[in-house]
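The values are calculated or read from the model by the stated rules, or taken from the named source; none is laboratory data. Note that the structure is predicted; figures quoted are calculated from it, not measured. Ideal geometry is used to build each Cβ from the backbone, glycine not excepted, and the neighbour counts take in all protein chains shown.
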């Protein structure tokens, strides 16, 4: 086991539980994560007592039976003789368990959560991963960043990393469906395709030309920059092309915890060089992204059923040559 610390008002009876990023809680006796309340279990079955070290510091032991990965330590104030489900949560901490040591990467208390800026929170998580501390590197505003600061670095790199991760993972929360009307213009680039369509302006990655009634049916097509070429109209009324695509979802409140951590890990790897740190740190963070953060987020995306639907009926009078632009130049 390895020690972790909790900072809160002294003189209380506190206990902690370990949660994974899907919300399951660690059941020490069973050496497994489970849904809270499974098999009649209560907080008493999940609790790890904390020792009051005085001066507002408590310490607990992280269970060494837990596999390495990202977790949340959730701390409660015990009111009765034993931990109960009704005890109030007072503190939580995200971090990385290496299998040997607990490394906190961001701390949340009730006061911290008031009026929090979620994009800034991801940036601070990234800064923490590269070794930043509140007394020397702390991001408060990436919209009005001062030159030469870590905030300016995040202002430039966060949108890039967000786009990269959304494009690579294609999470359901950043998935849309759209109905596209065929263009009437006779474009020379249409080649052997019967129809040409103007793609939605917020598209990051084209998902596929699909049947509106059965999304498992995928039709042949070609995607070139801002246009789609196809031989089929796939809407239920046989009048439009029905597509799925990934868009740049900027509302961080809609991100899963795993997606937010993936973006933060990617951003951390990009911050290493401008912060003047050793390349070994960048390599380690990239490996953490590719081998841990990204696969976990992709696994969650594959298991989720919800998609955000936003239907677009789009008819453009623009020609291919006047409208073409290279994707990826707008990082706002």
Review point. Tally time: how many residues in the range 142-155 are exposed (fewer than 14 other Cβ atoms within 10 Å of the Cβ) and closer than 21 Å to residue 249 by Cα?
Key: 1
Exercise for review: Give the residues of the range 1-56 that are free of Cβ contacts under 8 Å to residues at least 24 places away in the same chain and out of contact with any strand residue (DSSP E or B) (no Cβ under 7 Å at 6 or more places or on another chain), sorted by residue number.
Suggested key: 23, 29, 30, 32, 35, 38, 39, 40
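How many residues are free of Cβ contacts under 8 Å to residues at least 24 places away in the same chain and either under 22 Å from residue 148 (Cβ atoms) or crowded, with 18+ Cβ neighbours inside 10 Å (or both) when one looks only at the range 254-284? So that I can check it myself, show each step before the final result.
Applying the first criterion (free of Cβ contacts under 8 Å to residues at least 24 places away in the same chain) to the range 254-284 yields 269, 273, 276, 278-280, 282-284.
Still in the running and either under 22 Å from residue 148 (Cβ atoms) or crowded, with 18+ Cβ neighbours inside 10 Å (or both): 269, 273, 276, 278-279, 282.
Number satisfying all stated conditions: 6.
If only one of 160, 166 is surrounded by fewer than 19 Cβ atoms within 10 Å (Cβ to Cβ) and in contact with a helix residue (DSSP H, G or I) (Cβ under 9 Å, 6 or more places away or on another chain), which one is it? Quick ask: steps written out before the conclusion?
Numbers: 166 fails: surrounded by fewer than 19 Cβ atoms within 10 Å (Cβ to Cβ).
Result: 160 is the single residue among 160, 166 that is surrounded by fewer than 19 Cβ atoms within 10 Å (Cβ to Cβ) and in contact with a helix residue (DSSP H, G or I) (Cβ under 9 Å, 6 or more places away or on another chain).
Residues checked against (1) in contact with a helix residue (DSSP H, G or I) (Cβ under 9 Å, 6 or more places away or on another chain); (2) touching a residue at least 60 places away in the same chain (Cβ under 8 Å); (3) not assigned by TED's automatic domain parsing to the domain that holds residue 18:
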{"position": "67", "(1), (2), (3)": "no, no, no"}
{"position": "73", "(1), (2), (3)": "no, yes, no"}
{"position": "81", "(1), (2), (3)": "no, no, no"}
{"position": "84", "(1), (2), (3)": "yes, no, no"}
{"position": "88", "(1), (2), (3)": "no, no, no"}
{"position": "92", "(1), (2), (3)": "no, no, no"}
{"position": "98", "(1), (2), (3)": "no, no, no"}
{"position": "102", "(1), (2), (3)": "no, yes, no"}
Check your understanding: residue 166: at pLDDT 90 or above and part of a helix (DSSP H, G or I), yes or no?
Key -> yes
Practice item. Scan the range 243-253 and give yes if some residue there is in a loop (DSSP other than H, G, I, E, B), touching a strand residue (DSSP E or B) at 6+ places or on another chain (Cβ under 6 Å) and either farther than 30 Å from residue 23 by Cβ or free of Cβ contacts under 8 Å to residues at least 24 places away in the same chain (or both), otherwise no. Key: no
Practice item. Would you tally the residues in the range 223-239 being crowded, with 16+ Cβ neighbours inside 10 Å and not in a loop (DSSP other than H, G, I, E, B)? Key: 5
Review point. Considering only the range 1-26, how many residues are within 26 Å of the chain's Cα centre (by Cα) and buried (at least 16 other Cβ atoms within 10 Å of the Cβ)?
Key: 10
